[in-house]
Amino acid sequence: MWLTSSLAKMYILFTIITSLVCYLILKWMKMRRYCTDLKRLDGKTVVITGGNAGIGKETAVALATRGARVIIACRDVDKAEKAVREIKIRGHNVNVHHMELDLANMRSIQDFCKTFLQREKRLDILINNAAMPSVLDWTEDNFSMCFGVNHLGHFLLTNLLLGRLKDSAPSRVVTLTCSNYKYQKLDFQDLNYNLLPFFTYCRSKLANIYFSQELGRMMEGKGVTAYAVHPGYVQSSWTDHYSILFRMLVQVIMFMFFVPCEMGAQTVVYCAVSDEAAKHSGGYFTDCQPTTLRPFARDAGVAKKLWEASERLVKLA
Ligand SMILES: NC(=O)c1ccc[n+]([C@@H]2O[C@H](COP(=O)([O-])OP(=O)(O)OC[C@H]3O[C@@H](n4cnc5c(N)ncnc54)[C@H](OP(=O)(O)O)[C@@H]3O)[C@@H](O)[C@H]2O)c1
C-alpha cells in the first residue's frame, strides 16, 4: 500500500518536472530578437503586399505605430477594409489605406502601379510580403502559382515602382523569403516548375533571395537598398489554403514550435528601419541580423540570369 502511494507520488513528480522542462525548452526554442530600433517614420510612405493577414498585417501595425502612411495592397477588398480598420486602431494612426492588387495577375499589378504613381508622391519602403504557400495551381498569365505570385508578381511590382523608390531615396525594398530555399535549386529550363507543391514554394523563395541580391547590386549608389527576410516559422493564416484535416494537424505543431505573427514581423521591421541593416543591402536576414546563405544561393551569376529571365517573362525586356 505504502509502496504504491509513493510510486504514484514519484510518477506525478516525474510528470510535472518533465512537462516543465519540455515547456522551458519549447519557450527557449521560440525565443527571438525584437527590433530595438525605435526610428519614427513620420512623412514616409510604406506599401505592404498582402497586408491584410499574418506577418504582413503585424508589419503594417508596427510601421503605422511609427507614424508611416501605410498602404496595404490586397486582392480581397472586404478583408482589406477589415484589416485597415484594425491596423488604424492598433497602430493609433488614421493614415492607413488599402489598394487592390492581385499578384497572380500581371494586368492587376500594372493597374495598381498606375494608380499608385498617380496618387502617391513618395514610396519610402516597399514590403514584398504576400505569398502563396505550397500549392499547385496556375496564375492568370499561366505561370506556376508559387513562382508567379511570390517571385514574378513582386518582380514586376518592384520594377514598375522603382522610379518612385529612387525619387524617394533613401528607400528600401524588403522581400519575404523562407529558409526552405535551401531544399531546391532553380532550373532555368523549367522556371515554372509545378510538380511537387513544397518544392515549387522552395524555388519561389530561393528566387526571392536572388531577386534581393541583384536588386541590391543594381541599386548600389542609387539610394535604394534591398533585403531578403526569413521571418522564422510563424503562426499565420497560410494553412487556410489546405484541408481541415491538415489544418488540425498543423495547428498542434504550430502551437508548439511556431512563433506569433508579431514576432515574425520583427526582422521585417528591422530591415525596414534599421541603419545597421542598411549596411548589408542585398543581404539575407533572420532574427534581426544578417545571416549567411548556402553558397549556391549567393551565386551572383544565377541572380543576374534570373533577373534577365524574369524581365523576359513579365515582358519588361
Ligand atoms: N508563416 C511562416 O511560417 C513563414 C515562414 C517563412 C516565410 N514566410 C513568408 O512570410 C510571408 C508572409 O506569410 P504569412 O505566413 O503571413 O502568410 P499568410 O498569413 O498566408 O498571408 C499571406 C498574404 O498574402 C496574400 N496573398 C496571397 N496571394 C496573393 C495574391 N495573388 N495577390 C495579393 N495578395 C496575395 C494573402 O491574401 P489573402 O488573405 O487574400 O489570401 C495574405 O494577405 C510570405 O512571403 C511567406 O512566404 C512565412
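Each of H241, H98 has its accessible area taken with a 1.4 Å probe; listed largest first, they run H241, H98. Contact order, relative form, for the stretch 191-268: 27 percent (alpha carbon pairs under 8 Å, 6 or more residues apart, mean separation divided by residue count). Protection proxy ranking of 303-309, 222-228, 128-134, 47-53, by the mean of other Cβ atoms within 10 Å over each peptide's residues and highest first, is 47-53, 128-134, 222-228, 303-309. Which percent of the accessible area of the chain is formed by carbon and sulfur heavy atoms (probe 1.4 angstrom)? Carbon and sulfur: 60 percent of the exposed surface of the chain.
Determine the relative contact order of the stretch 1-93: mean sequence separation of Cα pairs under 8 Å and six or more apart, normalised by residue count, in whole percent.
Averaging sequence separation for qualifying contacts and normalising by length gives 24 percent for the stretch 1-93.
Relative contact order of the chain: 18 percent, from C-alpha pairs under 8 Å at least 6 residues apart in sequence.
Pairs K79/K205; K182/K305; K121/K166; K222/K304: which exceed 23 Å Cα-Cα?
On the way: K79/K205 25 Å; K182/K305 19 Å; K121/K166 12 Å; K222/K304 18 Å.
In this structure, K79/K205 lie more than 23 Å apart at Cα.
Stokes-Einstein diffusion of the chain at 37 °C, 0.692 mPa s viscosity, Kirkwood radius from Cα pairs, rounded to a whole number: 161 µm²/s.
Electrostatic tally near F296: other residues with Cβ closer than 9 Å to its Cβ, Lys and Arg +1, Asp and Glu -1, net +3.
Restricting the stretch 187-270 to GluC sites (Glu not before Pro) that sit in a DSSP loop and have at most 15 other Cβ atoms within 10 Å of their own Cβ leaves E220.
Between D187 and T291, the contour length at 0.36 nm per residue exceeds the alpha carbon distance by 35.0 nm. With a cut-off of 11 Å between beta carbons, the residues surrounding M256 carry a summed charge of +2, where Lys and Arg count +1 and Asp and Glu -1.
At 1.4 Å probe radius, can you tell me the per residue accessible area of the chain in Å²?
Numbers: 15860 Å² over 317 residues.
Dividing the accessible area of the chain by its residue count gives 50 Å².
With springs only between Cα atoms under 10 Å apart, run a GNM on the chain and tell me which of Q184, Q266, Q118 wobbles the most. Sorting by GNM fluctuation, first place goes to Q118.
Close amide H contacts of V234 (hydrogens built in the peptide plane, cut-off under 5 Å, sequence separation of 5 or more or a different chain): V259. Note on the chain: GNM, Cα springs under 10 Å; of V77, V96, V273, the largest mean-square fluctuation is that of V77.
Can you tell me the dipole magnitude for the stretch 32-313 around its Cα centre, using point charges on the Cβ only (Lys, Arg +1; Asp, Glu -1), in Debye to the nearest 20?
On the way: 35 positive and 28 negative charges, 129 e Å.
The calculated dipole for the stretch 32-313 is roughly 620 debye.
Helix screen, the chain: DSSP H segments with Cα axial length of 30 Å or more and mean Kyte-Doolittle hydropathy at least -1.0 are 2-29, 197-218. Could you compute the net charge surrounding R85? Neighbours are other residues with a C-beta less than 13 Å from the C-beta of R85; K and R count +1, D and E count -1. Surrounding charge for R85 is +2.
The values are calculated or read from the model by the stated rules, or taken from the named source; none is laboratory data. Computed from a predicted structure; not experimentally measured. Virtual Cβ from ideal backbone geometry, glycine too; neighbours counted across all protein chains shown. Quick note on the areas: whole protein, heavy atoms, side chains included, nothing else; ligands and nucleic acids left out. Shrake-Rupley method; radii C 1.70, N 1.55, O 1.52, S 1.80 Å.
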